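The values are calculated or read from the model by the stated rules, or taken from the named source; none is laboratory data. Nothing here was measured: the structure is a model prediction, and the numbers come from that model. So basically every Cβ, Gly included, is an ideal-geometry build from the backbone, and we count neighbours across all protein chains shown. Just the protein is used for accessible areas: all its heavy atoms, side chains included, with ligands, DNA and RNA removed. Shrake-Rupley method; radii C 1.70, N 1.55, O 1.52, S 1.80 Å.
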Amino acid sequence: MRNPFKILLLAGLVSCGMAQGNLAGAAPLVIKFSHVAAPDTPKGKAALKFEELAERYSNGGVDVQVYPNSQLYKDKEELDALQLGAVQMLAPSLAKFAPLGVQDFEVFDLPFIFPNYDALHAVTQGDLGRAMLAKLQDKGITGLAFWDNGFKIMSANRPLYLPKDFIGLQMRVQSSRVSEAQMIALGAVPQAIAFSEVYQALQTGVVDGAENTPSNMATQRITQVQKYATVSNHGYLGYAVIVNQKFWDDLPADLRAALEQAMAEATVYANGIAKGENEAALQRMKAEGLTTFHDLTPDELTAWKAALAPVADAMAPRIGVETLAAVRAATAAAD
Ligand code: LMR
C-alpha cells in the first residue's frame, strides 16, 4: 500500500534539511538513497560504494545516506517518494517504471532474452540503454546508470524440472506484466508481492514458490521456506539508478561532476561484482543444505525455452515492438 502521508511528511523534512544545509554553507547536502535489497547483495554493496566515492570526490560536500531493506519505502512507494523529492536516489528493478507509462524496461523481464552477460551489457551499457534511461526524463526522473543483479532461478516446495511441474503453483513475481505472463506460460498462477513480504508469503503458504537471483534468495533466507530450487537462469534482474531530476539539475556543476564520476566508478564496481556475488550466494545456499538445487539438463532447458518462447511476441505490443527489435539486434550482435 502506498502511504502518501508518510511520503509528504518525509518530503517536507528532507527539503527543510537541504535548505538549512545550503544556507549554512558548510553542512553537506544530504542524498537519501533508498532501496529494497539487503546490504550484502550486488545492489547493496554498490550503493555503499557510491556513498564512499561520492563523499570522497565531493570533499564532503554530500552526505549519502543509504537505506537498504525497504527501511524507508516498499516497492511501489519508492518512485512516488523520488518524484516528490522525499528521497533523491533509488535503484529500482527495471520493471518498476511501467506504472509511470514507460513500459520499454519490461523487455528486461522477458525469459531467455539475454544469452549471456556480453549481450546484456551491449544493451545496458550502450546507446540503447542510454536512450531507454532518457525516456524517464519527462517523468521528473534522471536515469544515471544500469546496475546488474543477475539471472534468476526458480524455487518451490516441489522439484521444478519441466514446465508441467509448475502447473497450478502460486508463484511470486515482482510487479511486472511480463513476469506474470512468464508464469502463466509455465502453467503457474502469478502473484505480485512486494519484495519485503516474500519470505512471509512463502512461509505462510500465500504462495508456493518464487523466482529471484541467488543473492536475493540467500539474503532473504528463502532457503528456510523452500525445499527445491532450479538453477534455470531464465530471466534477468537489474536496476536503473535514478535521481530526482530537479534535485540533480539544481546541483552546482562541480558537485554534479563529482557525483557523475562517483556513479561511473560505482557502476563499474557493481557490474564487476554482481556475477561473482550470485555465484557465491548459490554456493553458500548449497552448502547450507536446506534447499535441494537442480541444474537443468539440456533437454529440460529446451522444454523451458519452448514453453516460454511465446511470451516475447505476446508482450511485444506492450513493451514496444521497436524496443524489442532493438534489444534483439543488440544481443544478436554481441552473442
Ligand atoms: C524483487 O522484487 O524481487 C527485486 O526487484 C528486488 C530487488 O530490488 O532486488
Could you go through region 139-146 and let me know if any residue there is aliphatic (A, V, I, L, M), open to solvent by less than 20 Å² (accessible area, probe 1.4 Å) and within 28 Å of VAL87 (Cα to Cα). yes
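I'm checking my understanding of the structure. Among residues of region 89-107 that are in a helix (DSSP H, G or I) and small (Gly, Ala, Ser), which one is surrounded by the most Cβ atoms within 10 Å (Cβ to Cβ)? Can you show your working first?
Taking region 89-107 as the starting set, the residues that turn out to be in a helix (DSSP H, G or I) are 94-100, 104-107.
Subset that is small (Gly, Ala, Ser): 95, 98.
Working: ALA95: 23, ALA98: 19.
In this case the residue turns out to be ALA95.
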Would you mention how many residues in region 281-300 are free of Cβ contacts under 8 Å to residues at least 24 places away in the same chain and assigned to a helix (DSSP H, G or I)? 5
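Name the residue, out of GLN245, GLN200, GLN226, GLN220, that is away from the ligand (no atom under 16 Å from the Cβ) and of a type outside the set (Gly, Ala, Ser).
Details: GLN200 fails: away from the ligand (no atom under 16 Å from the Cβ); GLN226 fails: away from the ligand (no atom under 16 Å from the Cβ); GLN220 fails: away from the ligand (no atom under 16 Å from the Cβ).
Sole residue among the options that is away from the ligand (no atom under 16 Å from the Cβ) and of a type outside the set (Gly, Ala, Ser): GLN245.
Among the residues of region 60-91, count how many are more than 16 Å from the ligand (Cβ to nearest atom) and either touching a residue at least 60 places away in the same chain (Cβ under 8 Å) or at negative phi (or both). First the steps, then the outcome.
If we filter region 60-91 for residues that are more than 16 Å from the ligand (Cβ to nearest atom), which is where we start, we get 60-65, 80, 83-86, 88.
Then drop every residue that is not either touching a residue at least 60 places away in the same chain (Cβ under 8 Å) or at negative phi (or both), which leaves 61-65, 80, 83-86, 88.
The number of residues fulfilling the criteria is 11.
Within region 98-115, which residues are more than 21 Å from ALA333 (Cβ to Cβ) and touching a Leu at 6+ places or on another chain (Cβ under 7 Å)?
The initial filter retains those residues of region 98-115 that are more than 21 Å from ALA333 (Cβ to Cβ), namely 98-103, 106, 109.
Once the filter is applied, which keeps residues that are more than 21 Å from ALA333 (Cβ to Cβ) and touching a Leu at 6+ places or on another chain (Cβ under 7 Å), region 98-115 yields LEU100, VAL102.
If you check ALA229, ALA262, ALA270, ALA253, which single one turns out to be open to solvent by less than 10 Å² (accessible area, probe 1.4 Å) and either over 29 Å from SER155 (Cα atoms) or among the acidic types (Asp, Glu) (or both)?
On the way: ALA229 fails: either over 29 Å from SER155 (Cα atoms) or among the acidic types (Asp, Glu) (or both); ALA270 fails: either over 29 Å from SER155 (Cα atoms) or among the acidic types (Asp, Glu) (or both); ALA253 fails: open to solvent by less than 10 Å² (accessible area, probe 1.4 Å).
Going through ALA229, ALA262, ALA270, ALA253 in turn, just one is open to solvent by less than 10 Å² (accessible area, probe 1.4 Å) and either over 29 Å from SER155 (Cα atoms) or among the acidic types (Asp, Glu) (or both): ALA262.
Please determine whether any residue of region 72-95 is closer than 18 Å to GLY320 by Cα and of a type outside the set (Val, Ile, Thr). Spell out the reasoning first.
Just the residues of region 72-95 that are closer than 18 Å to GLY320 by Cα, to begin with: 94-95.
The next check asks that each one be of a type outside the set (Val, Ile, Thr); those that pass are 94-95.
Yes, some residue in region 72-95 is closer than 18 Å to GLY320 by Cα and of a type outside the set (Val, Ile, Thr).
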Some residue of region 156-169 being within 16 Å of the ligand (Cβ to nearest atom) and in a strand (DSSP E or B): yes
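Matching residues to (1) under 15 Å from the mean Cα position of the chain (by Cα); (2) assigned by TED's automatic domain parsing to the domain that holds ARG221; (3) touching a residue at least 60 places away in the same chain (Cβ under 8 Å):
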{"site": "PHE108", "(1), (2), (3)": "yes, no, yes"}
{"site": "PRO111", "(1), (2), (3)": "no, no, yes"}
{"site": "ASP138", "(1), (2), (3)": "no, no, no"}
{"site": "ILE141", "(1), (2), (3)": "no, no, yes"}
{"site": "ASN157", "(1), (2), (3)": "no, yes, yes"}
{"site": "MET183", "(1), (2), (3)": "no, yes, no"}
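Which helices (runs of 4 or more DSSP H) sit wholly inside region 173-248 and have at least 3 residues that are out of contact with any strand residue (DSSP E or B) (no Cβ under 8 Å at 6 or more places or on another chain)? Don't jump to the end; show me each part of the working.
Details: elements: 177-185, 198-203, 214-219.
Here the list reads 177-185, 198-203.
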For SER196, indicate whether it is among the hydroxyl-bearing types (Ser, Thr, Tyr) and open to solvent by less than 10 Å² (accessible area, probe 1.4 Å). no
Collect the residues in region 51-88 that are buried (at least 22 other Cβ atoms within 10 Å of the Cβ), more than 19 Å from the chain's Cα centre (by Cα) and not in a helix (DSSP H, G or I), keeping them in residue-number order. SER58, VAL62, VAL64, ALA86
Suppose we keep only residues that are farther than 20 Å from GLU106 by Cα and of a type in the set (D, E, K, R) within region 163-193. Which one would you say is surrounded by the most Cβ atoms within 10 Å (Cβ to Cβ)? ASP165
